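The structure appears right after this line, and notes come after that.
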Amino acid sequence: MTAESRRHRRPAAAANGSDPREPQPATDDAAVVKTTLALDNGIVIADDASPATPPLPPNPYSNHFPPDAAKFSSSPFHGFFTLFWLAVFLFMVRIGADNWRRTGRVLGENEIVGGIMFGRGGREVVVLLLADGLMCLGGTGVGWAVQRLVLAGWMDWDGTGWVVQSVWQVVFITGVVRLTLRRDWPWTHTVFFVLHGLVMLMKLHSYAFYNGHLSEVYKKRARLLATLKRLEKVSAAPSSAASSITTSRFTEVPDGIRERRRSGYDEMPDVENIVAVIDSGKSLDEQVHIFERVLKLKVDTLSHELRGKSTTPGRAYPDNLTLRNHYEYIVLPTVLYELEYPRSQSINWYYVAEKAAASFGIIFVMIMVSQAFIYPVVMETVRMKEEAVPLADRLRQFPRMLLDLIFPFMMEYLLTWYLIWESILNLVAELTYFADRSFYDAWWNCVSWDQFARDWNRPVHNFLLRHVYHSSISAMKVDKHTATIITFLISACMHELVMWCIFKKLRGYLLVLQMCQLPLVKLSRTRWLRHRAVLGNVIFWLGIFTGPSALCSLYLIL
C-alpha cells in the first residue's frame, strides 16, 4: 500500500449522534460557510464543510449483525438469529433426505443448476460475465468522458451536457434490456444482469449530474474571481450606480446559510448587480470594500461546494475527474457519488472469508428451496399453458398455488435480502476499505410502507431522495406530495422492468401493487393506526408474506 493511498483512505464519520449535514452558522468573515445547500440539476445536497478528518465510528460494520461474536452475543436478538440458521440447516437436511429417497442424489434432479444456470455448455455464463464487464467498464466510462468534455469547454452542462448524458443513459439501459431479450437468458442470468445494469445506471446518473452541477459552480467561481481582480483596479470614487445597490445588510457578518436558502442556489440578491457595476468600469464609492467582502464570501461558499465532503485538496472538483476516481466509485458499494467517502484503515480478512462463505452458502440454500418447492409449481403452470387449459380453470388453481408458494417465497425473500445487503455489500465494502456500512436499517420492525421504503435499501433510498424527490421539487416546482408520487412511480417502473425481462411480458401487476403502498401510507397515519405499532407491523408482514407469492402466481397463470 502506497503512502498516497493511505492518505486517501480516511476513517468513517460517526454513525450515531448529531447529523453531520445539519446546518451550522458561520462565526466570522474568514470562516467557510459550514453547510451548502446546492442543486444537483435541481437536487438539494447538504454537505459538512469541516476540513478535519472525520472520527472512526465505534463499529464501522453492520449495527445488527456485527462480526465480533462477543458483541453480537450481548444483543437480545442473537438467540433468534442462531435459531433461524439452525432451522435452515435442518431444513436443508430434510430436503436432501427427500431427494435421496426419490432420486438417489442429495441434490435431486437439480434442473436449476444443470439446465438453467449452466445450460448450453456453460457458454452463456461466459457471455454474461463478458457483457457485465463491458457494461461496468465501457458503459459507465462514457459519463466520465462527458464530464471531461464539459470541463474542457467543449460543451456546457446546463446546455447540451445534461441532454447528451440523458440520451446516453436511455441508450445504456435499452442496451441492457435488449441484450437479455436477444440472448433469451434464463431468469437467473436475467435477474443478475438487469439488476446490475440498474445499479450501474444509478451510478452513471449520480456521477454525471453531481459533477455537472459542480462544473457550473466552478464556472461561477472563476467568474467571481475574475471580477475580484478587476475590483482591485477600480478607484473608490462616488458612483450613482454603486449607490443604488442595497448593501446595509452586509455591514454585519453575513449568514451564508440564510442567504443561500433565501436565493435557492442562485446568486445572492445583489451579487449580480455588483458584478455588473464592476464590469461597467465605473468609479465606485466607499462601498468598494463591502463589495469585495460580499464577493469573497460568495467565492468561499462556492469553493466549499467544490470541496464537497473531501478532506484532501486532490479530491475536490475538478481534480476528481480522473479515471482512477471514476472507477474507484464504480466498485464501491454505493450508488450516490461523493467526492470522498469514509474509509477504513485495513481489511479484516476473517470477516471477508465469513461473508464470502455466507454468500455461497445462501446461494446454495436458495437453489435447494427453489428446486424443491418453486420449480415444480412453475413447471405445472407451463404444462397447463402448453395443454391450452382454459383461463378459468387456471384461475381456480390460483388459491392453491398461492398457498404452495407463500412460505418458499417468504424464505427466498429473506435470504435474498441477507445475501445482497448483509453479505455481498459488506464483503465488497471490506475489500474496498469502504467504512460506511449503512446499507439497511431494522426494516423488520416497520409499521408503515414508507418506513420500509427507507429502511429496506438505504443506498437506493438515498439515491431516490437526492436525484428524484428533491430534483422533482426544485426542478419541476412540484409540492412534496407530488414528488413522493413521482418517486414511488419511478421506483415501481424499474421493478416492473425487471419483471418484464424475467417473464417476457408486460402486465403491470408489480407496478400497481407498489403504487398501492401510497394509500396504505396514508392509512398508517390516521388516528386508527398512528399509535398502534404492533398492528402496523402485523399489516406490514402480511404484505411481505402474500405479496411476492401473489405476484409470481399472477405472472405465471395469466
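Taking the listed residues Y337, Y327, Y341, the one that is surrounded by fewer than 20 Cβ atoms within 10 Å (Cβ to Cβ) and of a type in the set (F, W, Y) is Y327, with no other qualifying.
Evaluation of L506 against the conditions (1) open to solvent by 20 Å² or more (accessible area, probe 1.4 Å); (2) within 28 Å of G175 (Cβ to Cβ); (3) among the aliphatic types (A, V, I, L, M); (4) in a helix (DSSP H, G or I) shows that the sole unmet condition is (4). Has region 327-334 got at least one residue that is within 25 Å of the chain's Cα centre (by Cα), modelled with pLDDT of 90 or more, farther than 29 Å from G141 by Cβ and of a type outside the set (K, R)? Looking for residues that are within 25 Å of the chain's Cα centre (by Cα), modelled with pLDDT of 90 or more, farther than 29 Å from G141 by Cβ and of a type outside the set (K, R), one finds none in region 327-334, hence no. The residue pairs whose first member lies in region 163-183 and is under 14 Å from L134 (Cβ atoms) and in contact (Cβ under 8 Å) with a residue 12 or more places away in the chain, whose second member is of a type in the set (G, A, S) and part of a helix (DSSP H, G or I), and whose beta carbons are closer than 7 Å, counting only pairs six or more residues apart or on different chains, are F172/G139; V176/G197; L179/A131.
Conditions (1) assigned to a helix (DSSP H, G or I); (2) open to solvent by 50 Å² or more (accessible area, probe 1.4 Å); (3) over 29 Å from P186 (Cα atoms); (4) aliphatic (A, V, I, L, M), marked per residue:
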position	(1), (2), (3), (4)
D450	yes, no, yes, no
V460	yes, no, no, yes
H467	yes, no, yes, no
S471	yes, no, yes, no
I485	yes, yes, yes, yes
L489	yes, yes, no, yes
H495	yes, yes, no, no
M499	yes, no, no, yes
I502	yes, no, no, yes
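Restricting region 344-391 to residues that are open to solvent by less than 50 Å² (accessible area, probe 1.4 Å) and assigned to a loop (DSSP other than H, G, I, E, B), the residue that is farthest from L431 (Cα to Cα) is V389.
One residue alone among R315, R324 is at pLDDT below 90, of a type in the set (K, R) and either over 30 Å from E430 (Cβ atoms) or under 25 Å from the mean Cα position of the chain (by Cα) (or both), and that residue is R315. The residue pairs whose first member lies in region 389-411 and is within 19 Å of S370 (Cα to Cα), whose second member is open to solvent by 40 Å² or more (accessible area, probe 1.4 Å) and in a helix (DSSP H, G or I), and whose beta carbons are closer than 7 Å, counting only pairs six or more residues apart or on different chains, are I406/F545; I406/T546; P408/F373; M410/F545.
Yes or no, residue by residue, for (1) within 30 Å of I420 (Cα to Cα); (2) acidic (D, E); (3) open to solvent by less than 10 Å² (accessible area, probe 1.4 Å):
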site: M200; (1), (2), (3): yes, no, yes
site: L204; (1), (2), (3): yes, no, yes
site: A208; (1), (2), (3): yes, no, yes
site: V217; (1), (2), (3): no, no, yes
site: L225; (1), (2), (3): no, no, no
site: L228; (1), (2), (3): no, no, no
site: E232; (1), (2), (3): no, yes, no
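Taking the criterion of being within 11 Å of the chain's Cα centre (by Cα) and charged (D, E, K, R), the only residue of region 199-218 that qualifies is K203. A Cβ distance below 9 Å, combined with a sequence gap of six or more or placement on separate chains, defines the contacts here; from region 517-533, residues that are more than 14 Å from C446 (Cα to Cα) and buried (at least 16 other Cβ atoms within 10 Å of the Cβ) reach residues that are modelled with pLDDT of 85 or more and of a type in the set (A, V, I, L, M, F, W, C) in the pairs L518/W449; L518/I485; L518/F488. For V125, the conditions (1) surrounded by 14 or more Cβ atoms within 10 Å (Cβ to Cβ); (2) under 24 Å from the mean Cα position of the chain (by Cα) are fulfilled apart from (2).
For T312, indicate whether it is closer than 29 Å to I420 by Cα, among the polar types (S, T, N, Q) and touching a helix residue (DSSP H, G or I) at 6+ places or on another chain (Cβ under 7 Å). No.
Counting the residues of region 435-470 that are modelled with pLDDT of 90 or more, under 24 Å from Y351 (Cα atoms) and over 15 Å from the mean Cα position of the chain (by Cα) gives 2.
The values are calculated or read from the model by the stated rules, or taken from the named source; none is laboratory data. Quick caveat: nothing in here was measured; it's all calculated off a predicted structure. All Cβ positions, glycine included, derive from the backbone under ideal geometry; neighbour counts span all protein chains shown. Calculation scope for accessible area: heavy atoms of the full protein, side chains included, ligands and nucleic acids excluded. Shrake-Rupley method; radii C 1.70, N 1.55, O 1.52, S 1.80 Å.
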